[in-house]
Amino acid sequence: PEAFIQTGVDVAPEYPIDMQYDAATGKIYLVNDKTDYTGGYFSMNFDGSDMQEMIPDIDGTALEADFVSGTVFLAIYASDTPLFDYGIYSCKPDGSGLVKIADYGDKATWGIAIDRENEKLFWSYKMSNTAPDGKIIRANLDGTAQEDWITGVNPNAMTIAWVKL
């Protein structure tokens, strides 16, 4: 093993929470914890060079990206951040065009996933950290037509995969 990027108490991003890789550009995109650290939405080259902070000070708790359409989805927890309304946001990979598209529960959400087959976005909606009082919401990629897809769960992370049988 070797250190991929230098992180630490005084080197941002100090505590990356979620990341996505764009194979076409060789870039990695990540969100950094803001609860105990500086937060932010970052990009870097696959080798760890050219680290850039595109959206400073946000508390990103989950990230999913559709690099074909040029859309990144961020779950943002608004504790001492420039955004005072937590929820699900979309933007371009460079961080421009940031707009809120949906809400989530009283606790930070830890999962976002894209169903590319059906062009749907899924995210967790948590009311507590441990009780099965949450749900997974499914919506169109722009946040419209939201529906409770699974209820009575405590969702933390997710991915979607289609398997041909």
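The values are calculated or read from the model by the stated rules, or taken from the named source; none is laboratory data. Quantities reported herein were computed from a predicted structural model and do not represent experimental measurements. We place every Cβ from the backbone using ideal geometry, glycine too, and count neighbours over all the protein chains shown. The area values use the complete protein model at the heavy-atom level, side chains included, leaving out ligands, DNA and RNA. Shrake-Rupley method; radii C 1.70, N 1.55, O 1.52, S 1.80 Å.
Just a few scattered comments:
- For Thr109, neighbours were defined as the other residues whose beta-carbon sits under 15 Å from its Cβ, and their charges (Lys and Arg +1, Asp and Glu -1) total -3.
- Net length gained if the chain between Ser128 and Asp106 were fully extended (0.36 nm per residue, minus Cα distance): 7.2 nm
- Of the peptides 113-122, 30-39, 150-159, 54-63, the ranking by mean beta-carbon count within 10 Å, highest at the top, reads 54-63, 30-39, 113-122, 150-159.
- Summing Cβ point charges (Lys, Arg +1; Asp, Glu -1) relative to the Cα centre of the chain gives a dipole of roughly 520 debye.
- Derived scalar couplings ³J(HN,Hα) [segment 140-149; Karplus, 6.51 cos²θ - 1.76 cosθ + 1.60; whole Hz; x for Gly, Pro]: 5, 5, 9, x, 7, 6, 5, 9, 6, 8
- Close lysine pairs were tallied over the chain: pairs 8 or more places apart or on different chains with Cα atoms under 23 Å apart number 16.
- Per residue, the chain exposes 53 Å² of solvent-accessible protein surface, assessed with a 1.4 angstrom probe and all protein chains in place.
- Accessible area of Tyr77 in the full protein assembly, 1.4 Å probe (Å², nearest 10): 70 Å²
- FRET efficiency for Ser49 and Asp115, using Cβ-Cβ distance with R0 set to 35 Å, rounded to 0.05: 0.60
- Working from Cα pairs under 8 Å separated by at least six residues, relative contact order for segment 38-165 is 16 percent.
- Sulfur and carbon atoms: percent of accessible area, the chain [1.4 Å]: 52 percent
- Length gained when the stretch Thr159-Asp142 is fully extended (0.36 nm per residue, less Cα-Cα span): 4.3 nm
- Distance between the pseudo-spin-label points of Trp149 and Ala3 (7 Å out from Cα toward the beta carbon): 3.8 nm.
- As a length-normalised measure over Cα pairs under 8 Å and 6 or more apart, the relative contact order of segment 1-47 settles at 30 percent.
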